[in-house]
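Derivation of every value follows stated rules applied to the coordinates shown; laboratory data play no part. It should be emphasised that the depicted structure is a prediction, and the values quoted were computed from it without experimental measurement. A quick note on method: Cβ atoms are made from the backbone with ideal geometry, for glycine too, and the neighbour counts reach across all protein chains shown.
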Amino acid sequence: MAIYHLTVKIFTRSKGHSAIACAAYRHGERFHDLRTGQVMDYSRRNGVVDSMMLAPDHAPSWVYDREALWNRVEARENNSTRPESAQLAREVEVSLPRELSWEKNKQLVKEYVTDQFISKGMVADVAFHESVASDGRPNPHAHIMLTMRELKGWEFGNKMRGHNPIFTKGDQVKDKKPLKILRETWSQYVNQALQDSGSRESVDHRSYDDRSINRIPEPKLGAAIRLEKTNPWAAERVAHCRKVRAWNRAQATLENAEHSGLRRANRRRLHNEEWLREFMHGHMHERVPSPEIIAPEYQGYQPHTLEPDR
């Protein structure tokens, strides 16, 4: 089943971000940060499949050198009004459909980025990753880092702040329409690519609430999967995700029973079936109560952000 995922963020020095470190990490590269003198070496990381640089037609040749590009971004912000809290780059992270080959996924991202960001004067640095999803299957995705300043001749000019509402989450921006449009547009590109490939799968950018689906959104696990046994933050996040999955699966079981016209007594017998116990216990360490008990316990249980910014 094709999965929808799109998140946005802005990298800023006030949160300890470095454009060089972010780029090196995403591409598994070894970069020299000219501002700090540090060497950011992530050359041993796994999961990087490919990379891509995209820029407007008038862009100078140095934008296609990843290390030079982000060092120039850092250097330009040193001369800004508030260099200590300067915003460095934007990022869009998207899941790629498993149903498509890597070549088709790369073409999908290229078309989307060109239409949505390069046309607005941004330079895009794309890293294609493949990790292992929680179901044990491949998790193809892309990190799209974007410049924040316009290109004027050979150098960076002023900040293009008009695009910031698109990349601002939560309550930090009143008008959430630009971000909703960005999310909807990505779903349209993905569904068109799936249709062109002959797949019957599709994605939906809307939330569970918008679709009137009684489910709790699953939090992203990321590095928490491999750090669960050694990191308290990771252990908390994984435990939280297990509870969410257990509740969602229990809710789905109840709904299926109701749609089948089963009476309450039959639903109780259904809970005692071996397959249901294995189904539930496989997603939580502790004993899981029946769906009718667990539903009130986790009603209104909402995921909270635990993953630190890199």
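Normalising the average separation of contacting C-alpha pairs (under 8 angstrom, six or more residues apart) by the number of residues puts the relative contact order of the stretch 1-120 at 37 percent.
Couplings 3J(HN,Hα) of the stretch 82-93, computed from phi: 10, x, 5, 10, 5, 7, 9, 6, 9, 9, 10, 10 Hz, in residue order, whole Hz [Karplus 6.51 cos²θ - 1.76 cosθ + 1.60, θ = phi - 60°; x for Gly and Pro].
Say R0 is 45 Å: what FRET efficiency, to the nearest 0.05, do Ser119 and Leu227 get from their beta-carbon distance?
0.70
Considered as an equivalent ellipsoid built on the Cα gyration tensor, the stretch 35-112 has semi-axes of 29, 17, 13 Å, the largest given first. Compared with the alpha-carbon gap, the fully stretched path from Gln195 to Arg137 is longer by 18.7 nm at 0.36 nm per residue. Backbone geometry of the stretch 10-27 corresponds, through the Karplus equation with coefficients 6.51, -1.76 and 1.60 at θ = phi - 60°, to 3J(HN,Hα) couplings of 10, 7, 9, 5, 5, 9, x, 7, 9, 5, 5, 5, 4, 5, 4, 5, 5, 9 Hz, x marking Gly and Pro. In terms of distances greater than 20 angstrom between alpha carbons, the cross-link table entries Lys9/Lys176; Lys106/Lys176; Lys15/Lys177; Lys106/Lys180; Lys9/Lys120 yield Lys106/Lys176; Lys15/Lys177; Lys106/Lys180. The mean sequence separation of alpha-carbon pairs under 8 Å and at least six residues apart, normalised by the residue count of the stretch 5-55, gives a relative contact order of 25 percent. Is the shape of the stretch 14-78 rounded, prolate or oblate, going by the alpha carbon gyration tensor and its root eigenvalues a ≥ b ≥ c, with a/c under 1.5 for rounded and a/b larger than b/c for prolate? Here the stretch 14-78 falls in the oblate category. Residues whose amide H comes within less than 5 Å of that of Ser202, counting only those at least five positions distant or on another chain, are Ala2 (H built at 1.01 Å from N in the peptide plane). Residues whose amide H falls under 5 Å from that of Thr12, counting only those 5 or more places apart or on a different chain, are His17, Leu88, with hydrogens built in the peptide plane. On the beta carbon distance between Trp62 and Thr12, with R0 = 25 Å, the FRET formula returns roughly 0.60.
Close amide H pairs (under 5 Å, H built 1.01 Å from N) link Val49 with Phe128, His129, Glu130, residues at least 5 positions away or on another chain.
Computed from phi, the 3J(HN,Hα) profile of the stretch 113-118 under the Karplus parametrisation 6.51, -1.76, 1.60 (θ = phi - 60°) reads 5, 4, 6, 8, 10, 5 Hz, with x in place of Gly and Pro. The tail of the calculated P(r) for the stretch 1-139, taken as Cα-Cα distances beyond 18 Å, holds 60 percent of the pairs. Placing a label point 7 Å from the Cα of Arg45 along the Cα-to-Cβ direction, none of the residues of the stretch 76-107 has a backbone N under 11 Å of that point.
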